[in-house]
1. What pairs in 154/415; 233/405; 203/420 have C-alpha atoms more than 22 Å from each other?
2. Per residue of region 366-374, in order, report the coupling 6.51 cos²θ - 1.76 cosθ + 1.60 (Karplus, θ = phi - 60°) as ³J(HN,Hα) in whole Hz, putting x for Gly and Pro.
3. Provide the FRET efficiency to the nearest 0.05 for the residue 387-residue 143 pair, computing r from the beta carbons and using R0 = 60 Å.
4. On a 23 Å Cα-Cα criterion, which of the cross-link pairs 222/364; 128/162; 255/364; 192/222; 205/255 come out too long?
5. Once amide H atoms are built 1.01 Å from N in the peptide plane, which residues 5 or more positions from residue 376, or in another chain, come under 5 Å H to H?
6. Taking loop as defined by DSSP and a crowding limit of 14 other beta carbons within 10 Å, which trypsin sites (Lys or Arg not before Pro) in region 217-299 fit?
7. If you plug each phi of region 106-111 into the Karplus form 6.51 cos²θ - 1.76 cosθ + 1.60 with θ = phi - 60°, what whole-Hz ³J(HN,Hα) values come out, in order, with x for Gly and Pro?
8. When you have a sec, figure out the Kirkwood radius of region 334-424 from all distinct Cα pair distances and drop it here in Å to one decimal?
Amino acid sequence: MGLRPKSNSTSRNHNDGGSHSNSYLHSNSKWSIKNIKTNILRSFYSNVALRIVSILSVFIFILYIFSNLFYPNSNNKNLFSSEHGYYLNELPASSRLIFPHVEHSPVLKEIGINALYIQRYEMDGTRKFVLKADDKPLTDEDKKKTTDQILLVKRSFLDHGKLVYRKDSDEPEIVIVTLIDFENDELDSIVKIVQNRVDYAQKHKYGVYIRWAQEFLPLMEKQTVLESYEHFKPLIMRSAIHAFPRAKYVFFVDKSALIMNLDLSLQKHLLEPSILDLTVLRNVPVLPQSNIKTYNHFDPHNAKIIIPQTQDGKLNMNSFILSTDLYGKSFLEYLSDPIIVNYAFDDLQSSVGHIIQWHPMFLKRTALVVPKVMASKYDASRGDTTSDSYHYTPGDLIASFEGCKERGTCDNDIKELYSKIKKD
């Protein structure tokens, strides 16, 4: 029997094993080279990206340095628009007595609100008046060129709210603020109301800020004067502060009231702390049946908000005074907020009562005073000799025709008392 030589078998096995080992080493070499190449490429691209970022950073830094060297006035505040009111394009007022052309009242009434404003269609099909913040006023040159009187009246109405007073030499300390209404008031009454404010302001070097009530319609959800008139009051006071930025106080006097004693200055009659202290109502409910009362230890030096309280404990928002500092402005911002305006408060005095009651910061700075000092109620049925803390008698600062709208006597009351105003 023949046997295969062992040497051949051993040699074959050895050679086979060698072949497998060489194949494995060759495969590993290929993967190692591939990994090395990949790592090299990754490192290269990473270094390139880092260099690009570094170069860009240096370039931006150098650009910043040079921009500050050659344009030193270029700073961050230029990124923001300058302070402005409801309009971007404002007009410098030549006098501290700012009031509209009252003689335009009949024409404005004839034109109608719908023709004065741009209207926008809402998704529900209703139309809303729109206030154009960037509306440009009519120039004096354009006024001279046009012969369209209706256009002039319309532009006078639209441009009146753009007036601001910026003369340092004759800056008033107090501004008298009033709303007038060409839709619902007689021209004769409007003239008397405006003249009354002007006469009083001129005597004491105060400012006057009078606007048409209809100017604030686009800012309301309910866009009729009868529905939103009360909420125009914070808006016009806010605008008055912007128009007279250096004034210390703004004094709102409703169109249903007349300033009767022109000799009385607000500083000596009311604002002087020692005088105000005598009129402040302490430890009384802020609103009828409220558990929150005014402070017993109220300090008149801290008074920033002055509001008369009626005989039945309500806040009379037909005549009130605000400081123009942080507290007065914050108070107006709150009352002007659409959330507050459109909330289910009964009226303006309810929303005012809410902020005073639930915000101690305002309660400690609000002086509720007897009406006699700034909002005496006129009652034709009472005699001039019968005096109390609530009703008007000759010599009082203001006669308020409270309830005249419901009685339909506003025009007659204004006409009757205007002739009795103490001017000397």
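Throughout, read-outs are computed from the coordinates displayed, never taken from laboratory work. Keep in mind it's a predicted model, so treat the numbers as computed, not measured. Note that we place each Cβ from the backbone using ideal geometry, even for glycine, and neighbour counts take in every protein chain shown.
1. Beyond 22 Å between Cα atoms: 154/415.
2. 10, 9, 8, 10, 5, x, 3, 7, 8
3. E between residue 387 and residue 143, to the nearest 0.05, is 0.70.
4. 222/364; 255/364; 192/222
5. Amide H to amide H, under 5 Å and 5 or more residues apart or across chains, residue 376 pairs with 398, 400.
6. 222, 246, 282
7. Result, ordered by residue: x, 5, 4, 5, 6, 4 Hz.
8. It is 15.7 Å.
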